[in-house]
Amino acid sequence: MKNATGSDRRAYDHWAPTADRRSWLRTAILSTSLVAAAIGQSRAQANSSVAPAETAAACATPSGWVDVKTGRSIDRGELFRDVVAKASVVVLGESHTDVDHHLWQLHTVAALHGRGGNIVIGFEAFPRRLQSVLDDWIGGKLTDEAFLKASEWRQVWGYDAALYMPLFQFARLNRIPMIALNVERKLVSQVGQKGWEGVPAAEREGLSDPAPADPAYQRELARVSLMKKAMPPGADPFSSSQGPNLPEPSEAALDEAVKEPEFKRFVEAQLTWDRAMAEALASAKRKFSGATVVGILGSGHVAGGHGVPHQLKALGIAEPRTFIPVSADGACTLVGTGFADAVFTLPRTDETPPAERPRLGVLLGEGAGAPRINRVVGNSVAEITGLKAGDEVVRAAGLETRNPEELVEVVARQAPGTWLPLSIRRDGHEIDLVAKFPTRPRQDR
């Protein structure tokens, strides 16, 4: 498996509405080079009886819940009472690296629990083989550190654990069952290489055949694939500054893309992820009678109802609820679409401008006991430092780095203007270099 410092590694988990020209393009790398960017959202026209002024006031106001179909403001108390009363399956979308998204998820889960709800929480972050670790955590048998080690957090998920730990701790303190929703990345990679039918049934981790992707979902996945291919040679796919201004694929290009055999395998790989998480949520609904089952997933598996919600309906879950946090400066573009059942409006981006995460600018692989640099991105911190493809990073900030995940963790902790000492093994010799991060990280906006 390849990795990149400070980068997202999963396909199609981050969505932004097409109308929002501040959308980000991110990529995810699997061993099959299954790479996708998150952009676009299908438009489903809906008639609304809400006056335009009322709609604008609701969707443009931070810290509110909005009915996406009508544009009406939703009373949060009534919303949570309704969810708990119906013992619904609820999926909460996220961008894996956005702290506000994770805080919103924690507050939403706490509100559902506070309404007297019997709740269960499922996580995309864990493959089902780690279910016993989650059970031990809820049972109070593991410390925080032991839990992250036993759950293979660095290797399996790899995002900043500090973003997720408050929700894990809330579940443990309140003895709320945690469910592992995912399958091994190896299975998704196999499907991406061979197609669903090319993977023997015995190697599918017990998954049933996914419900076919509807045409709208296929078009969005085609757009993702073409946007990735449109990136210029040598561009840093992990820099958010690369994504916003890429040209939107034409309808003719989308028509051609959906006919390609490799695209069919790409769709089947995405459906494998969707089906796996939907089956685990549906199973939890059956196991925990009367419980509200909450799924914590990347927004790409939630938005538009195409991914996990579509598979849930195929499995007999009639009305799964979909909630996604969005910026208040883009929420109004979603009214009258099928983006989600409801959105929560976060502070406007001009009020809380996001800083770029530290990026060394390399693609990593496994080396001889240390992460190996497979490629150096042009005009990056790594190139300026003098790092080269083939170098192995044996230490960073004086700490031994034995695998890509450990180097990613060190880089992610660097503040703007940091000088990061690196010890490099090159052609059998060890040399010391210093990576100097810019004092003002790049901004998306």
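Read-outs throughout are calculated quantities, based only on the coordinates presented, and are distinct from any laboratory measurement. Nothing here was measured: the structure is a model prediction, and the numbers come from that model. Don't worry about glycine lacking a Cβ; one is built from the backbone with ideal geometry, like all the others, and counts go over all protein chains shown.
Computed from the Cβ-Cβ distance with R0 of 41 Å, the FRET efficiency linking ALA202 to HIS429 stands at 0.30. Tell me the label-point distance for the pair GLU184, LEU103, using the 7 Å Cα-to-Cβ offset, in nm and rounded to one decimal. With each label placed 7 Å out from Cα toward Cβ, I get 3.9 nm. First check a/c for segment 64-190, with a ≥ b ≥ c the square roots of the eigenvalues of its C-alpha gyration tensor; if it is under 1.5, answer rounded, and if not, answer prolate when a/b is larger than b/c or oblate otherwise. Note, shape of segment 64-190 comes out prolate. Is the shape of segment 245-354 rounded, prolate or oblate, going by the alpha carbon gyration tensor and its root eigenvalues a ≥ b ≥ c, with a/c under 1.5 for rounded and a/b larger than b/c for prolate? Oblate is the answer for segment 245-354, as a/c is 1.5 or above yet b/c matches or exceeds a/b. Relative contact order, whole percent, for segment 61-196 stands at 29, derived from Cα pairs under 8 Å and 6 or more residues apart.
Using a/c under 1.5 as the rounded threshold, could you call segment 132-225 rounded, prolate or oblate? The axes a ≥ b ≥ c are square roots of the C-alpha gyration tensor eigenvalues, and prolate needs a/b larger than b/c, oblate otherwise. The shape class here is prolate. Here the gap between VAL258 and GLU78, fully extended at 0.36 nm per residue and compared with their Cα-Cα distance, gives a gain of 60.6 nm. Annotation: peptides 134-140, 65-71, 147-153, 293-299, ranked by per-residue average of other Cβ atoms within 10 Å with the highest first, follow the order 293-299, 65-71, 147-153, 134-140. Bridgeable lysines around LYS259 (alpha carbons under 22 Å apart, same-chain partners fewer than 8 residues away excluded): LYS194, LYS228, LYS229.
Taking 0.36 nm per residue of separation and subtracting the current Cα-Cα distance, fully stretching the chain between ALA397 and THR61 would add 116.6 nm.
Under the simplified labelling scheme, the GLU383-SER132 pair shows an inter-label distance of 4.9 nm, with each label point 7 Å from Cα along Cα→Cβ.
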